[in-house]
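No value in this document is a laboratory result; all are computed from the given coordinates. The structure presented is a predicted model; accordingly, all values stated were derived computationally and were not measured. Here Cβ is always computed from backbone atoms with ideal geometry, including for glycine, and neighbour counts include all displayed protein chains.
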Amino acid sequence: MTAKPTDTVITVRSPANGQIIDSVPQMDAATVVAVIGELRVAQAGWADLSPRARVTHLLRYRDWLLDNEFQLAEMLQRETGKPWAEANLEIPYIVDAINYYARTAPGLLADRTPPRHGMIAATKRQLLIQRPYPVVGVITPWNFPLGLSLLDAVPALLAGAAVVVKPSEFTPLTVAAAVAGWKQVGAPRVLECVIGAGETGSAVVANVDYIQFTGSTSTGKAIAHAAAERLIPCGLELGGKDAMIVLDDADVARAANAAVWGAMANSGQMCTSVERVYVEAGVYEEFIGRVVERLKALRVGEDDQQFRYDVGPLATDAQLAIVCEHVDDALARGAEALVGGVRVEGSGFFQPTLLVDVDHTMLCMQRETFGPMLPVMKVQDEDEAVRLANDSDYGLSATVFSGNRARAERIARRLEAGAVNINDVFGNLFTLSLPQGGWKQSGMGHRNGADAVLKYSRPQAIVSARVLPQREVTWYPYTAIRGAIVHRVGRLLGARDLLRRFS
Ligand code: ADP
């Protein structure tokens with residue numbers, strides 16, 4: 001069904017119907033080294049531009065994305081198999097992110113003179129400047145190929161870095177087309193795309209100065225090891241097993257809608273998908289009834305730009321196998337599928353599935369499923385819900401439904417997750433000024449937030465005398481004499497006491 005890297009070529013197939021879409025050359029390590037070498041040369045001039053000049057290029061690129069929105073969405077749909085409505089989300093999302101970063105980056109990157117502390121600093125001019133990492137590598141998965149690639153590439157470019165993107169070998173086409181657009185707007189050659197599977201990705205990690213990765217926890221750990229070996233920083237956005245808690249004072253209809261959308265959007269292939277739900281006993285029956293109704297109404301199939309389907313195929317054969325394994329495991333251990341529970345015979349689609357009578361011994365409650373499956377557990381009270389929600393290796397995000405915001409916020413403060421949405425799902429994906437990152441096995445560092453641009457740069461401290469020229473003599477014999485005088489005078493004046501009180 002899906003992409004197959006050979007030694008030299010990657011064949012991209014539609015996950016919806018298995019047809020070949022295109023074949024693209026796979027880049028070897030030597031090619032990656034050459035591409036990064038060219039980026040390194042171009043980056044020097046890019047970093048010399050003012051942040052506002054870089055913003056101008058990004059805004060031109062934003063307009064190019066809008067001008068080419070239809071063609072890009074069409075390609076994205078073909079290589080991911082997403083319904084047309086979902087294929088059309090990524091470009092507006094990125095356009096919005098460019099607008100946000102274009103507005104905030106110049107202020108974040110401006111030189112600063114932090115307040116001085118201490119007697120020696122009092123004589124100094126303290127300048128704090130931000131210098132970009134020369135080349136940033138962005139490695140991305142197949143679930144949101146364009147959105148995730150550009151969401152990291154844009155702030156890195158604004159910081160003054162050059163960027164090499166390595167999209168997933170399953171979905172390389174849209175990202176390659178979007179990077180070609182960067183050249184068409186006449187911007188400096190500081191954005192490139194390299195195509196290939198894990199080996200190409202390893203070559204990126206081995207040659208860049210900062211690596212930003214989105215993908216599985218196991219690959220993320222391998223990348224963290226490789227980055228540590230080179231002592232380069234890395235940002236990792238990894239898997240999730242997001243919990244939803246529905247309390248007995250919640251708007252149950254809204255919670256049921258959110259659970260279904262949260263679990264089925266992108267066929268459940270989102271790091272932040274709702275992967276498990278805990279419902280207080282008082283509203284459990286009503287919640288289940290509404291979820292059943294909603295799930296049965298979903299239309300599963302290959303969309304054709306007519307908005308006729310809601311749930312697309314799994315993007316890869318491997319992903320389909322994981323969903324089958326988790327559902328079969330749950331059913332074998334006593335769970336019941338109130339809706340779905342099987343794949344659509346002979347295709348890459350899986351029926352939207354509701355599992356009840358599940359518990360934490362089952363794979364579907366422990367491991368990331370990344371598919372159109374919703375397991376729901378009844379709980380006696382909020383303490384049990386919080387305990388079970390936190391009983392996970394992952395900690396990306398979570399959701400709480402309650403009619404009482406103070407109660408929901410109290411629970412949010414007890415959840416071990418990088419973000420908590422109250423009475424909504426995915427809300428934090430759109431709050432770009434808040435950091436988005438996972439706890440525990442869900443990642444390291446974050447994207448977005450106040451330092452989203454700064455993380456791609458290094459602070460440099462420049463210290464000089466406040467009053468120039470500096471006349472004091474700095475050489476060993478004189479420093480020793482000066483030290484002796486300061487020491488004596490200090491003792492006479494009780495300097496320890498002064499230091500304690502005024503420094
Ligand atoms: P999934 O495709 O299931 O998310 P991965 O996390 O392995 O699985 O893939 C995410 C991205 O990481 C893809 O672009 C893939 O090619 C890349 N990748 C896989 N292995 C490595 C590796 N060892 N080093 C760098 N990148 C890798």
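Some notes on this structure:
- Nearest-ten-degree value, helix 317-332 long axis tilted from longest Cα axis of the chain: 60 degrees
- For the chain, the square roots of the Cα gyration tensor eigenvalues, ordered a ≥ b ≥ c, give a/c of at least 1.5 with a/b no greater than b/c, which places it in the oblate category.
- Note, ³J(HN,Hα) from phi for the stretch 215-231, Karplus 6.51, -1.76, 1.60, rounded to Hz, x at Gly and Pro: x, 6, 5, 5, 5, x, 5, 4, 5, 4, 4, 5, 5, 5, 4, 8, 6
- Cα-based helix-to-principal-axis angle, 252-264 vs the chain, degrees rounded to 10: 80 degrees
- Space enclosed by the convex hull of the alpha-carbon atoms of the stretch 1-128, per residue, Å³: 186 Å³
- Three-way shape label, the stretch 256-370, alpha-carbon gyration tensor, a/c 1.5: oblate
- Cα shape, the stretch 370-503, gyration tensor, a/c 1.5 rule: prolate
- Relative contact order (%) - the chain, alpha-carbon pairs under 8 angstrom, separation at least six: 17 percent
- Highest-first arrangement of 335-341, 68-74, 19-25, 261-267, where packing means the average Cβ count within 10 Å: 261-267, 335-341, 68-74, 19-25
- Distance violations [Cα-Cα > 21 Å] among Lys82/Lys221; Lys221/Lys440; Lys241/Lys378; Lys183/Lys455; Lys241/Lys296; Lys241/Lys440: Lys82/Lys221; Lys183/Lys455; Lys241/Lys296
- The stretch 23-60 versus the stretch 106-181: alpha-carbon centroid distance in Å: 12 Å
- Simple spin-label estimate for Ala297 and Val33 in nanometres, 7 Å along Cα-Cβ: 5.9 nm
- Fully extending the segment from Gln306 to Ser464 would add 50.4 nm, taking 0.36 nm per residue of separation and subtracting the current Cα-Cα distance.
- Computed on the stretch 123-199, with alpha-carbon pairs under 8 angstrom and 6+ residues apart, the relative contact order is 31 percent.
- Every helix of 4 or more DSSP H residues in the chain counts as -39500 (n - 2.57), and over all residues that averages to -13500 deg cm²/dmol at 222 nm.
- Cβ-defined net charge surrounding Thr361, 11 Å radius [Lys, Arg +1; Asp, Glu -1]: -1
- The modelled label-to-label distance for the pair Lys124/Asn257, using points 7 Å beyond Cα in the direction of Cβ, is 5.8 nm.
- Under-5 Å amide H pairs with Ile10, H placed in peptide plane, nonlocal only: Val24, Gln26
- 3J(HN,Hα) along the stretch 168-181: 4, 5, 7, 9, x, 6, 5, 5, 4, 5, 5, 6, 4, x Hz, from the Karplus curve 6.51 cos²θ - 1.76 cosθ + 1.60 with θ = phi - 60°, whole Hz, x for Gly and Pro.
- Annotation: extensible slack from Glu285 through Asp383 equals 33.3 nm (criterion: 0.36 nm per residue apart, minus Cα-Cα distance).
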